[in-house]
Amino acid sequence: MGRIERRHRLALDESYRYFRGLEAGEQPDLFKLSRSLSNLSAALFQTEGSEFKLTRQLWTRLHEGLFEYYISNFTGTFVLRDASGTALEHGQSWPEQGFVSFRPHGCRRSEDTASISISRLYPGTLVALQKKWKQGNNHIEPSSIEKKPACTDGVCFVRPMLLGEEVLKQESQSGKEKAYQHFWELYLQAYCTPKKHEREVLVRSMLALEAVWGNLYY
């Protein structure tokens, strides 16, 4: 079986290191942010109830932080969805529970669209999106998002700090080691099976592993 075709993604550990670089002042890169968010979304979805144990609260916070860099540094379009996933139209009320999907201008791939629960939006971003929605506008630009702490009734909400560095490092490393072993078990099964459909299923499983843990073919 020849080498399977794959799209390069940032592994969990790479996504975390990239976030730390952004926090240290690195200029946000559209491509890296898109890949990191796609990777984290896959990780949070695919590891649910699987053998790959993650401290989901920490990885979810990382996803929140990367989404904030994405939407607050690039002009784009957002789509508002209710809790069932149905896209809302202007004139409808902003839902208490739901999701926001954001795609920067110039991006056409489906994986360049990042989504997040409304409850996980940073306060300044939430206010900016609600204002745009009320105006009947679904275009958002960095200048619309207040970078200072959002204050309501004398209480100010600052950007949350992401802690647990050692936990994130350990989980990403141990998870990748397990994924590497599982990847090659699947590879051998795919190589040996004469059944085309079974081979295709195995290859999809291999790609799903790489969507979370990066390139395992080495």
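The values are calculated or read from the model by the stated rules, or taken from the named source; none is laboratory data. These numbers come from a predicted model, not from an experiment. No Cβ is skipped: glycine too gets one built from the backbone with ideal geometry, and neighbour counts run over all protein chains shown.
Things to note:
- Checked against (1) touching a residue at least 40 places away in the same chain (Cβ under 8 Å); (2) hydrophobic (A, V, I, L, M, F, W, C); (3) more than 29 Å from residue 166 (Cβ to Cβ); (4) touching an Asp or Glu at 6+ places or on another chain (Cβ under 8 Å), residue 74 meets all criteria but (4).
- Condition met for residue 44 (surrounded by fewer than 18 Cβ atoms within 10 Å (Cβ to Cβ) and part of a helix (DSSP H, G or I)): yes
- Search result, residues across the range 172-194 that are under 22 Å from the mean Cα position of the chain (by Cα) and aliphatic (A, V, I, L, M): 179
- The range 159-175, residues that are surrounded by fewer than 19 Cβ atoms within 10 Å (Cβ to Cβ) and over 30 Å from residue 127 (Cα atoms): 166, 167, 169, 170, 173, 174
- Members of the range 73-117 found to be among the small types (Gly, Ala, Ser) and in a strand (DSSP E or B), listed by number: 76, 87, 98, 101, 114, 115, 117
- The residue that is surrounded by the most Cβ atoms within 10 Å (Cβ to Cβ), among those in the range 47-72 that are among the β-branched types (Val, Ile, Thr) and part of a loop (DSSP other than H, G, I, E, B), is 47.
- Taken over the range 90-114, residues that are of a type in the set (S, T, N, Q) and modelled with pLDDT of 95 or more amount to 1.
- Leading residue by the ranking (surrounded by the fewest Cβ atoms within 10 Å (Cβ to Cβ)) among those in the range 176-203 that are of a type in the set (D, E, K, R), assigned to a helix (DSSP H, G or I) and modelled with pLDDT of 90 or more: 196
- The range 21-48, residues that are hydrophobic (A, V, I, L, M, F, W, C) and over 15 Å from residue 107 (Cα atoms): 22, 24, 40, 42, 43, 44, 45
- Any hit, the range 62-85, residues being at pLDDT below 90, of a type outside the set (Lys, Arg) and under 13 Å from the mean Cα position of the chain (by Cα): yes
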